[in-house]
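The values are calculated or read from the model by the stated rules, or taken from the named source; none is laboratory data. In this text, all values refer to a predicted model and were calculated from it rather than measured experimentally. Cβ sites come from the backbone with ideal geometry, for glycine too, and all protein chains shown count toward neighbours.
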Amino acid sequence: MAKEYRGCSSQLVEVPQGTNKDLASFCNKVKKIREMYHAADINSNSGKIWSTTTAFPYQLFSNTKFNINICIDNSTQLLHFMPNANYLVKDLIAEILHFCTNDQLFPKDHLLSVCGYEEFLQNDYSLGSHKIFQKDKSVIQLNLQKNGEVPGKLSRKHEDDHSQFYLKQLLEFMHIWKVSRQCLSTVIKKYDFHLKCLLKTQQHVDNIIEDVKNICSVLGCVETKQITDAVNELNQILQRKTENFHQNSETSAKGLIERVTTALSRSIYQLISVYCCSFYADFQPLNVPNDISYVNPGLHSHLSFTVYAVHNIPETWVHSYKAFSFSCCLTYAGKKLCQVRSYRNIPFKKLFFLLINWNETINFPLEIKSLPRESMLTIRLFGIVCATNNANLLAWTCLPLFPKDKSILGSVLFSMTLQNEPPIEMIVPGVWDISQPSSVILQIDFPATELEYMKFDSEENRSNLEEPPKECLKHIARLSQKQSPLLLSEEKKRYLWFYRFYCNNENCSLPLVLGSAPGWDERTVSEIHIILRRWQFSCPLEALGLLTSSFPDQEIRKVAVRQLDNLLNDELLEYLPQLVQAVKFEWNLESPLVQLLLHRSLQSIQIAHRLYWLLKDAQNETYFKSWYQKLLAALQFCSGKALSDEFSKEKKLIKILGDIGEKVKSASDPQRQEVLKKEIGRLEEFFQCVKTCHLPLNPALCIKGIDRDACSYFTSHALPLKITFINANPMGKNISIIFKAGDDLRQDMLVLQIIQVMDNIWLQEGLDMQMIIYRCLSTGKGQGLVQMVPDAITLAKIHRHSGLIGPLKENTIKKWFSQHNHLKADYEKALRNFFYSCAGWCVVTFILGVCDRHNDNIMLTKSGHMFHIDFGKFLGHAQTFGGIKRDRAPFIFTSEMEYFITEGGKNPQHFQDFVELCCQAYNIVRRHSRLLLNLLEMMLHAGLPELGGIQDLKYVYNNLRPQDTDLEATSHFTKKIKESLECFPVKLNNLIHTLAQMTSINPAKSASQNFSQEFCMLNATRSIQRATILGFSKKTSHLYLIQVTHSNNETSLTEKSFDQFSKLHSELQKQFASLTLPEFPHWWHLPFTNSNHKRFRDLNHYMEQILNGSYEVANSDYVLSFFLSEPVQQTIEESSLLDLGEKFPDKTPKVQLVISHEDAKLTILVKHMKNIHLPDGSAPSAHVEFYLLPYPSEVRRRKTKSVPKCTDPTYNEIVVYNEVTELRGHVLMLIVKSKTVFVGAINIQLYSVPLNEEKWYPLGNCII
């Protein structure tokens, strides 16, 4: 029952769902969505986190088997299986049950979880479809569990089904009821009381006026014209009354007072009504008099309204500006339709409050019916500076012209914001919440013309269309390579729109066609909808391009969401950051996109969890904060109490980490470690309270405590924390993360997401680039979490260990891998992993223009994986030093990396294989240019520091080169590899960085404080059990042959001289000056006889003391490199990459070509040569000359660049002959020269050549 407040002239009625109809409607919509998913439905409410899956990558897993160890609940038994990649999870469960029990158990009653994680495999999917199997090639540990009928702990409960979603829940973050019913009721009651007194005595009018002022003050300090007029008239009547002493004046004055106070009361309640309709309130007046008489507008009426006033301006404006003006602007899709500027500069006015009272009618020269449905009206307030007469923008607001497809009626109040105005593309309904009261309020009086937006439907008539010329279709296909309408010129847009009905999913993309529309008139919009209805999408992801700021049309966005609804939950999860950004450009919160996100969050905990943190982070953006807060409230309501409570725990964890980070930063350098140790206690108290908490980085990881001794901080500028959590899963290892405060991690998130998309594309094409892509999560303004990769070390540290000029040495990387992979098989695996991962990162960092690449931002694992970190600079926004770009190479590929890949130049064909792999990976990604550009375009308005305009999209477009053929792209990328390889400034930059780091290290700091910027020190698994001298080496008598036994009981042999032992001892004395080392057996300890036996015994004793003594010494890099480097059996020098390229047992000189012939154009791609030598056997600096016979040589001569001093050169250069109508009768003469010296030649009969295929041709030793 509604609660009423009654006085002599007033009634307020409570509205629990709020007076704002849009929000009330949103609340009901959210409730209906949640009601579709009952808590009892185990399929949609399992409460479990399912491992993410993709389409089965057939090319990657053609004949692959997995190594799987199965743990079974309540059993120590470990089962080993080697199923095929295409084996269904439920079939593997059936096989496990067959082995371990005779009971009548069913596979559907069991699940397999990943050991250490709260993550379950999906029973109806194959093993190879799960991402964990696509990336992890080692033995995978799984745990067999019973799948009980009771849903998991994060599931929604029966009580959640009956909970209600009220406006107060939705908007409690806003303290929404800024106007309290009690407060307004109190001042109205005072007004009623004083009104009675006035009518009775015709005295104390000041009380009435003060009450009216108080009512206006409660209602945002808004004073309408009607109130002002009534108050002025009341003052005049009472003033006349005191001047007039005639007998009958009292009666006439009383009648006048009653009439004026009636009008005053009426205007007050009209103000209350306008306020309640304009802003959020939980009450409204009952039976408000309505002055609006609805008029049916003419078909050709123009847009018109009255800007009455801006209320409650700040007092500072009064002193700074002598007058004020305003402008009105109509926009659509980021384009200006029309602008009207008020040329009346008027000063402020002081009534009850300070206001600017224009009361000016604005007429737009546009017919209402010609305006698009999604038109936006923006009003800007300017102040005229006293001294300069300049107009400064003070405040602005914007509103949809047709909310709910109907025009706005009568007087309306709009809150104005003092923020900087956003770009015109962001002028959409959600950019500023006009219905939340602010300090400055705009009053507009719209005419009472009830206009409903009418769709203009034109008949689709394409019967008279003729097939366009082939050249036209080819031109359409060429234009489609632009991928985004933002990259099309106006001329090309006009061309594409002219041929719009000939465009289809084979020769163009829908966003390009619709983005080429010339205007927004009703006929054009109608034709857009016709194209939209008939378009056949080739892939749901094509629709992402329709959710950018370029397409505000609700029909277009509805169709786009309908397509995205075809994606599986795990596919949609990958693109959530872009979809959260796309919400900005929706017309209201009940849009199909918002509904899609809420539906999917109810189906998948993974989606709900990621969506929660994306929305939490988005609230820190300058604009759209209100929309994201409402959507977050809706998400938490849909998630149910259990998951919502989990979100709260995670939020509290982040808050504690933020506080610790601030205290560590503010502490003095010597005190930081102590402060950190003290503050870690807060985390321990947190876990005592909550018991367990899911990790915001990954909901599949559950943590229960903190490993105090493993926590520290890094000494970089932002002083990030290294925090190690205890895994709540008893089968899991501890989890280390980095907490950063002061860095914007949103850009890192985007770069890593795009790289993940590229890696997924490669995996689907059967190419595993061995990419390590760590997790990163922005959790608030300038803060977030980064996953730590175990067993990873920065290239900078490797360089520092290699001496002062480590970055300039060629063999630094090769030597490091040799020291940590003493067995041939391990070394070959590391070499292979480096080969692939280095190629992958070359491609992704080139495409995305990742800058600030120095050796502290490149990491290596001893298993060979290379990966990049820290993506604060990308899209070519390189740092400059003295006006010179620090990043001079297209990407990081140095001669020391090539040295390792080619094993010191012993296998030059490995470089050719590397180039081939890079170009293959590059061309695969290029085929998905549209997707990558769409993902970036959707983030243009996210407020990222280095992605903000069309020029940034153009940068990536130019790097992807979608208009090129594969041959042209191969040639282009090969040039970039050579540029990078020859770029000495990269090494110089690494050297400067290394020297700077070495000088910044303070030896007085404790080991726990002296962290350089690497993720993890190498762990103790490298330790050596013992080392024994077996005798002298067979090669040379002064070297001892030493057998080394490793921690895994494997053995290796190495050879060392006595001098090398002595140098080792000297180095250990310097490094560990504070420790007592064993005595070294110097030469003066030897007897005159049997000295060899004595030295063997003494050195064996010395090695035993070193290896069994101090753990720090035994596991130091000096000791490990001494014993593990340069083994003499299974020598790494003899190793080679497996299956990286074709092996050539013969030494025949050869050249590899790809020849294509299309449209009278002959194209030859010169790829590689092998085994070419000068007559004296030395390496040539070879180039290739081509002659197309029988034409004269001077007309048809073509030439490549020369490759210096190489027997196996790589070119990837394109040679083109035009006007070659047919190949029969033509011979291609190819001559290889080193300057002027002949190296080899071949004549190729073109008509017999297989086209568009790579082929090796033998080189003869003479010209025919």
Near pairs, Cβ below 9 angstrom, 6+ apart or cross-chain, from segment 475-504 (closer than 26 Å to residue 966 by Cβ) to any residue that is in a helix (DSSP H, G or I) and aromatic (Phe, Trp, Tyr): 475/495; 476/495; 476/502; 479/495; 482/957; 483/957; 484/957; 487/957
Members of segment 1201-1252 that are more than 48 Å from the chain's Cα centre (by Cα) and basic (Lys, Arg): 1224, 1233, 1235
Subset of segment 361-386 that is of a type in the set (A, V, I, L, M, F, W, C) and in a loop (DSSP other than H, G, I, E, B) - its residue that is modelled with the lowest pLDDT: 386
Candidates 1227, 1239, 1215 - the one that is assigned by TED's automatic domain parsing to the domain that holds residue 1155, surrounded by 18 or more Cβ atoms within 10 Å (Cβ to Cβ) and without any contact (Cβ under 8 Å) to a residue 60 or more places away in the chain: 1215
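Residues are listed down the side, and each one gets a yes or a no for (1) under 24 Å from residue 337 (Cβ atoms); (2) modelled with pLDDT under 90; (3) out of contact with any Phe, Trp or Tyr (no Cβ under 8 Å at 6 or more places or on another chain):
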position	(1), (2), (3)
388	no, yes, yes
393	yes, no, no
424	yes, no, yes
430	yes, no, no
Inter-residue pairs, beta-carbon under 8 Å, first farther than 15 Å from residue 706 by Cβ and in segment 639-663, second of a type in the set (Asp, Glu) and surrounded by fewer than 17 Cβ atoms within 10 Å (Cβ to Cβ), 6+ apart: 641/159
Meets criteria (surrounded by fewer than 22 Cβ atoms within 10 Å (Cβ to Cβ) and either in contact with a Ser or Thr (Cβ under 8 Å, 6 or more places away or on another chain) or within 16 Å of residue 564 (Cα to Cα) (or both)) for residue 611: no
Unmet requirement for residue 819, which otherwise passes all of (1) over 23 Å from residue 784 (Cα atoms); (2) of a type in the set (S, T, N, Q); (3) in contact with a His (Cβ under 7 Å, 6 or more places away or on another chain); (4) at pLDDT below 95: (3)
Matching residues, segment 719-747, being touching a Lys or Arg at 6+ places or on another chain (Cβ under 6 Å) and more than 27 Å from residue 119 (Cα to Cα): 719, 720
Hits in segment 387-410 - residues which are in a strand (DSSP E or B) and of a type in the set (Lys, Arg): 406
Evaluation of residue 684 against (1) surrounded by fewer than 20 Cβ atoms within 10 Å (Cβ to Cβ); (2) within 18 Å of residue 46 (Cβ to Cβ) (one fails), failing number: (2)
Top-ranked residue in segment 168-190 [being within 20 Å of residue 268 (Cβ to Cβ), in a helix (DSSP H, G or I) and out of contact with any Leu (no Cβ under 9 Å at 6 or more places or on another chain); ranked as modelled with the lowest pLDDT]: 182
Leading residue by the ranking (surrounded by the most Cβ atoms within 10 Å (Cβ to Cβ)) among those in segment 479-502 that are basic (Lys, Arg) and within 18 Å of residue 542 (Cα to Cα): 482
Answer from 916, 968, 903, 937 - the residue that is among the acidic types (Asp, Glu) and farther than 30 Å from residue 1254 by Cβ: 937
Whichever residue in segment 1030-1044 is surrounded by fewer than 17 Cβ atoms within 10 Å (Cβ to Cβ) and within 19 Å of residue 1098 (Cα to Cα) and, among such residues, is modelled with the lowest pLDDT: 1037
The listed residue being within 19 Å of residue 915 (Cβ to Cβ) and not charged (D, E, K, R), out of 1188, 1230, 1165: 1165
Residue ID - surrounded by the fewest Cβ atoms within 10 Å (Cβ to Cβ), chosen from residues in segment 432-466 that are charged (D, E, K, R) and modelled with pLDDT of 75 or more: 445
Filtered residue count, segment 216-242, keeping only those that are assigned to a loop (DSSP other than H, G, I, E, B) and touching a strand residue (DSSP E or B) at 6+ places or on another chain (Cβ under 8 Å): 5
Qualifying positions in segment 411-429 - part of a strand (DSSP E or B) and either among the β-branched types (Val, Ile, Thr) or within 30 Å of the chain's Cα centre (by Cα) (or both): 412, 417
Among residues of segment 1166-1188, those that are out of contact with any Ser or Thr (no Cβ under 8 Å at 6 or more places or on another chain) and either at pLDDT below 90 or assigned to a loop (DSSP other than H, G, I, E, B) (or both), counted: 4
The lone exception for residue 744 - which of (1) under 19 Å from the mean Cα position of the chain (by Cα); (2) among the acidic types (Asp, Glu); (3) in a helix (DSSP H, G or I) it fails: (3)
Helices (runs of 4 or more DSSP H) wholly inside segment 878-951 that include at least 1 residues being under 20 Å from residue 844 (Cα atoms) and touching a strand residue (DSSP E or B) at 6+ places or on another chain (Cβ under 9 Å): 895-901, 909-926
Some residue of segment 773-781 being within 30 Å of residue 1067 (Cα to Cα) and either among the polar types (S, T, N, Q) or surrounded by fewer than 19 Cβ atoms within 10 Å (Cβ to Cβ) (or both): no
Hits in segment 31-87 (condition: surrounded by fewer than 18 Cβ atoms within 10 Å (Cβ to Cβ), hydroxyl-bearing (Ser, Thr, Tyr) and closer than 17 Å to residue 158 by Cα): 44
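Condition check ((1) within 26 Å of residue 905 (Cβ to Cβ); (2) in contact with a Leu (Cβ under 6 Å, 6 or more places away or on another chain); (3) modelled with pLDDT of 80 or more) across all residues:
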| site | (1), (2), (3) |
| --- | --- |
| 1075 | no, no, yes |
| 1082 | no, no, no |
| 1088 | no, no, no |
| 1097 | no, no, yes |
| 1106 | no, no, yes |
| 1130 | yes, no, no |
| 1134 | yes, no, no |
| 1140 | yes, no, no |
